[in-house]
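The structure appears right after this line, and notes come after that.
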Amino acid sequence: MRILLGNIWFANPALGIGVFALAVPLVIHLLTRRTPKNMIFPTLRFLLAARARQSRVYHLRHLLLMIARTVLLLLILLAFLRPSLIRGGAKQDPQAGRTTIILMDVSASMEYRYAGVTPLAQAKAAAMILLDHHNKADHFNLILMGATPDNSFDEPSDNLFLLRRDIQGASVTHEYPDINAAIAEAVSELRNVSGSRHICFISDFQRSNWASVDFSRIEPDTELLFMPVGPDREENCAITDVSIRPGSPTVGESIEIVCKAANYSDRPRRLPLELKFQDGRSFKQELAIEPQSTVSTSFHLRIHQSGQYEGHLTIPEDGLNVDNQRCFILTIAEKINVLVVSDEDPKQTQSGLRFLLNAINPFEETRYAAAVASVIRSGEVTAAALSSAQVVVLSDIQELSRKSGEALLKYLKDGGSAAYFHVGQAGSQNLDHLAAWSQGDLALPFKLTGQIDLSERKSHATWAQGNFDHEILRKFKESGELGDLKFQRFFSTQRVKQKGQVLLQYDDGNIAMAQTTVGGGTLLLCNFSCSLDCSDIARHTLFVPLVHEIIRGLRPSTGRRNAFLVGEPCYTTIPPVPEAAAVTFKNPAGEPVEGSLDKAQGGTAVFFARTKACGFYRVHVADQVAGSVAVNVDPLESNLERLDVSQLKELAKGPRTAFVAASDAAGMETLLEGKPLWHYLLLAAIGMLCLEQLMTLLLRS
Amino acid sequence: MRRSADIPVRKDAHKYLDERTLAFLKHLSFSARGAVDGAYTGKHKSFIKGHSQEFTDYREYMPGDDIRKIDWKVFGRTDRYMIKLCEQETVMTCYLLVDSSASMAFGGSWHEKYFGNQDISKYDYACYLSVAISYLLLQQGDRVSLTLFGSDIEQHLPAGSTFSHLSEILNALEVQKVRHRTSLCKVLQQASPLLKRRGILILISDLLDDPESLFSMLDMYLHRNFEVVLFHVLHKHELELPEMAAVNFIDSESGERLTSIPADIRQAYNRELQGYIDAIQSMAEARKIDYELMSTETPYPVALQGYIERRRRRCGFS
């Protein structure tokens, strides 16, 4: 049993009975105090004078000696009580106990193996030590910091058995940890608890993960304990990125698989890099990487059969294996898939959609076509519907719902491309909404200030200026036919400086075509419509090549769009699935996982709600792999550079922070059990004994 | 005319008269250091030139001189009437001033009470000393006067030279009660008209008074050509604090109290007391006053003999 007095624990309170020993000097003092005898003494004047010359200390020496001896005994007694100064300056209520939330990092970097030990193993041991130093009234909870915080209990509990089991069972998730979410969870759990509140961070404190953590939401009276784990110096090499050029290659097209590798160590490395496909074909290269730098290399190949190919890039194993390989899906399409989103009826003769579809595929059969189009309505725009499209064309659509708009923006941010032929009020509103929903990612190159309808005046506008250096217009530079096109209805525009790129302008100065970027994708804004009501562009012989140049120009140059990270939901499209077919979803280990199907036009979208491991998540239809998604670890996990204590202090900014390395057993003991004071007390007792002896000697002399 | 002890003193009948001590002192003599004033012929130099064997000087005869004093041999050689001057020898008067204030009672019965053995008080010591000196002086035919005082003169015996006078002295000393506070200056002032003839003033006291005032009063007697002797009597426990536990010291005269452990204060006390003694001694030396510190631990005959011998050496007697 221990008792708490202020901030001091007494490990042996039973010895407090020795407090009676403190009375011994007093009793001796009283017992040896002699009753003075009266003595008539003539020379008292000299006694008085002598007494007056003596110091007050001399007169009080017996009292001082008694105090010194009492203090000596008190110090010895306190030393035997084994006091420890516990951390923190706040008042602690021993009845309420402490509530500690253990935030354990389970990101991929915690798997780094050094001398046979991983930081995760150290973290588990540290967490167990924390639990071992509990008191009766203490409560704990464990939050594993993954992509989403994973609590052991809904609220702090004293069930240490289950907590220990959860700690032992914790495993690395390879997910990029959302530390802010974990902190928010811990703060909410601590909000209503009484007693002292503690949050213990056990992590390798990787700079890439922790540099942007916001500690400000933690209550000021909450004590923070940082327990760094892992070796001080870590060396790691990793494949950090794979991209495919072009993004969605077609059959027979030259493909460049670009691999980026990093050397996060202080010595140059030469690494053999191997590209391997599921059918056994492999390609090898050797990389020479300078210290603390990255290098890119490419594999060039050409595939003559359409389909999905699962590819692996690997480098030799090192301390952290998860980033020594990177998987990707190489989808070889027969044609360029164009998704046309339009609310028009293609059967109408004036319909722009009709002309657009004919322009994309002018042939009756798809065999000869360079691109094939599938059409959905604006209300059907979803992530799944967009996932298989290489280029999205929006033409004469109604007002987009927020869900559709956000799916489109996500598609663009992930590297997709879209061309928007807008005219009419809905077009104006859609652009405004998209700009608003993108939260700054979409910067429109112009503002729509009003609609212009020249048809009433039997007039028209033409394109007067063009940026023929742009890929889309390059081929029309010499022809001069672009100026022959007549446009009756379009928007008047006002240029927004330094935003986007203007490709074409009307003769009245309004912008006819402009391009802007949204994240990794491109949005081409066409201030006209293909409908015959608005222009004669669809009738012109220039229309078909212009549409094809737009598709080619917008097609993503790299295939980074469908790169998924562990912890995120992932999706892909597979060919239409028969109704009766058995569909199973499997993780990279071949174990069934949750997934969902969304039948869309032209294919079926497959969703994996959450990914937990690197590799290929596959969907099986009638025991055949119908499609797969490559999931990789976040490249930020590969850089194992860590924040040091001073940087963490700067980040935490709170006065009530403590740092102790999990490998420092003595430091842990001191921090958790408090700083033992008995030896200081013993030292003080020895000092007091010396003082007492000195006083005795001095007074006797 | 020399008067011997026509009335013998009964030596065993008096407390302060010890036969063995008197026998010890029998061969000592107490002489005046300088000239004294006396009515009768004695052993001591007188201020008056007279008839004696001790030639001092010549002077011219002047009308009125006794012609019997003319030195005719000188007249024969020089044809001048020269008078031969010789020293007059006379008796000495010794004034004993004995302190009988309360502080002089220290020792004696009190010592027996605390330490279980007989001891002599300062007053007793002073009395023994007074009697011994009186005996010495009376034996050599000198006159002795006794004054007992506390805060005032309590008893005064005029000078006498007979052994019956010694008996009076003994009686006076024995009946005297020690009491009152010491007031040396006042007493010396009061005694001044009582001490008419020039002689030796022997003050036997513990001298617990202001030394400056004391010596300013003694200066008055020195001015009157008195020889002053100070016998500073202190008890051995005054000179060295007794080995006792806590003691509640009470001043014998003022009643003031101080509780202390003698061991704690001994060193400082010794310094204070020694400082006081040194001050008195230096003041006495400055005035050529004989100063003798006497501890009651030292037997008074020994102390007295020691003093007389030192005195003789100082005076150049062989």
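Results, tabulated for the structure shown:
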{"item": "Selection within the stretch B:70-101 - surrounded by fewer than 22 Cβ atoms within 10 Å (Cβ to Cβ) and either within 19 Å of the chain's Cα centre (by Cα) or within 14 Å of chain A (Cβ to nearest Cβ) (or both)", "result": "none"}
{"item": "Sole residue being surrounded by fewer than 16 Cβ atoms within 10 Å (Cβ to Cβ), touching a helix residue (DSSP H, G or I) at 6+ places or on another chain (Cβ under 8 Å) and not in a strand (DSSP E or B), chosen from A:ASP266, A:ASP345", "result": "A:ASP345"}
{"item": "Counted residues, the stretch A:246-259 - those being assigned to a strand (DSSP E or B) and buried (at least 18 other Cβ atoms within 10 Å of the Cβ)", "result": "4"}
{"item": "Unique match (being touching a residue at least 12 places away in the same chain (Cβ under 8 Å), surrounded by fewer than 19 Cβ atoms within 10 Å (Cβ to Cβ), assigned to a loop (DSSP other than H, G, I, E, B) and assigned by TED's automatic domain parsing to the domain that holds A:HIS540) among A:ASP441, A:ASP469", "result": "A:ASP441"}
{"item": "The one condition in (1) surrounded by 17 or more Cβ atoms within 10 Å (Cβ to Cβ); (2) within 14 Å of chain A (Cβ to nearest Cβ); (3) touching a residue at least 40 places away in the same chain (Cβ under 8 Å); (4) out of contact with any strand residue (DSSP E or B) (no Cβ under 6 Å at 6 or more places or on another chain) that B:TYR135 fails to fulfil", "result": "(2)"}
{"item": "Candidate set from the stretch A:74-103 (those that are assigned to a strand (DSSP E or B) and more than 18 Å from A:ASP158 (Cα to Cα)); member that is modelled with the highest pLDDT", "result": "A:PRO83"}
{"item": "A:SER628 vs. criteria touching a residue at least 60 places away in the same chain (Cβ under 8 Å), outside the structural domain of A:GLU568 (by TED's automatic domain parsing) and surrounded by 16 or more Cβ atoms within 10 Å (Cβ to Cβ)", "result": "no"}
{"item": "Those residues of the stretch B:245-267 which are over 20 Å from A:THR32 (Cβ atoms) and either more than 7 Å from every other protein chain (Cβ to nearest Cβ) or part of a loop (DSSP other than H, G, I, E, B) (or both), in sequence order", "result": "B:ASP251, B:SER252, B:GLU253, B:SER254, B:GLY255, B:GLU256, B:ARG257, B:GLN267"}
{"item": "Residue list for the stretch B:245-271, filter: surrounded by 15 or more Cβ atoms within 10 Å (Cβ to Cβ) and in contact (Cβ under 8 Å) with a residue 40 or more places away in the chain", "result": "B:SER252, B:GLU253"}
{"item": "Looking only at the stretch A:510-533, and only at residues there that are surrounded by 21 or more Cβ atoms within 10 Å (Cβ to Cβ) and more than 23 Å from A:ALA435 (Cβ to Cβ), the one that is farthest from the chain's Cα centre (by Cα)", "result": "A:SER531"}
{"item": "B:ILE169 vs. criteria more than 23 Å from B:LEU214 (Cβ to Cβ) and crowded, with 21+ Cβ neighbours inside 10 Å", "result": "yes"}
{"item": "One residue from B:LEU273, B:LEU293 being closer than 27 Å to B:MET217 by Cβ, at pLDDT 90 or above and facing chain A (nearest Cβ under 7 Å)", "result": "B:LEU273"}
{"item": "Residues of the stretch A:454-482 satisfying the condition of being over 46 Å from the mean Cα position of the chain (by Cα) and under 13 Å from A:ASP508 (Cα atoms)", "result": "A:LEU454, A:SER459, A:HIS460, A:ALA461, A:THR462, A:TRP463, A:ALA464"}
{"item": "2 or more residues of a type in the set (Ser, Thr, Tyr): qualifying helices (runs of 4 or more DSSP H) within the stretch B:63-162", "result": "B:109-115, B:122-139"}
{"item": "Selection from the stretch B:214-239 of residues that are away from every other protein chain (no Cβ under 14 Å) and under 19 Å from B:SER103 (Cα atoms)", "result": "B:LEU214, B:LEU230, B:PHE231"}
{"item": "Single match in A:LEU386, A:LEU394 (criterion: modelled with pLDDT of 90 or more and buried (at least 18 other Cβ atoms within 10 Å of the Cβ))", "result": "A:LEU394"}
{"item": "Helices (runs of 4 or more DSSP H) (entirely within the stretch A:18-59) containing at least 3 residues that are modelled with pLDDT under 80 and at the interface with chain B (Cβ under 10 Å from one of its Cβ atoms)", "result": "A:44-53"}
{"item": "Top-ranked residue in the stretch B:185-206 [being in contact (Cβ under 8 Å) with a residue 60 or more places away in the chain and in contact with a helix residue (DSSP H, G or I) (Cβ under 6 Å, 6 or more places away or on another chain); ranked as nearest to the other protein chains (Cβ to nearest Cβ)]", "result": "B:ASP206"}
{"item": "Count of residues meeting criterion [of a type in the set (A, V, I, L, M, F, W, C), surrounded by 20 or more Cβ atoms within 10 Å (Cβ to Cβ) and assigned to a loop (DSSP other than H, G, I, E, B)] in the stretch B:214-244", "result": "2"}
{"item": "Residue match in the stretch A:504-514 (condition: in contact (Cβ under 8 Å) with a residue 60 or more places away in the chain and not in a loop (DSSP other than H, G, I, E, B))", "result": "yes"}
{"item": "Selection count, the stretch A:627-676, where residues are among the hydrophobic types (A, V, I, L, M, F, W, C), in a strand (DSSP E or B) and modelled with pLDDT of 85 or more", "result": "3"}
{"item": "Boolean, B:HIS165 is over 17 Å from B:HIS232 (Cβ atoms) and within 14 Å of another protein chain (Cβ to nearest Cβ)", "result": "no"}
{"item": "Criterion violated by B:ARG179 - all others in (1) touching a residue at least 60 places away in the same chain (Cβ under 8 Å); (2) under 17 Å from the mean Cα position of the chain (by Cα); (3) assigned to a loop (DSSP other than H, G, I, E, B) satisfied", "result": "(2)"}
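So that you can scan it fast, the table gives a plain yes or no per residue for (1) over 22 Å from B:VAL228 (Cα atoms); (2) crowded, with 17+ Cβ neighbours inside 10 Å:
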position	(1), (2)
B:LEU273	yes, yes
B:ALA279	no, no
B:ALA284	no, yes
B:PRO299	yes, no
B:LEU304	no, yes
B:TYR307	no, yes
B:ARG312	no, no
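The values are calculated or read from the model by the stated rules, or taken from the named source; none is laboratory data. Treat the numbers as computed from the prediction; the structure is a model and nothing was measured. Counting neighbours? That spans all protein chains shown, and the Cβs are built from the backbone with ideal geometry, glycine included.
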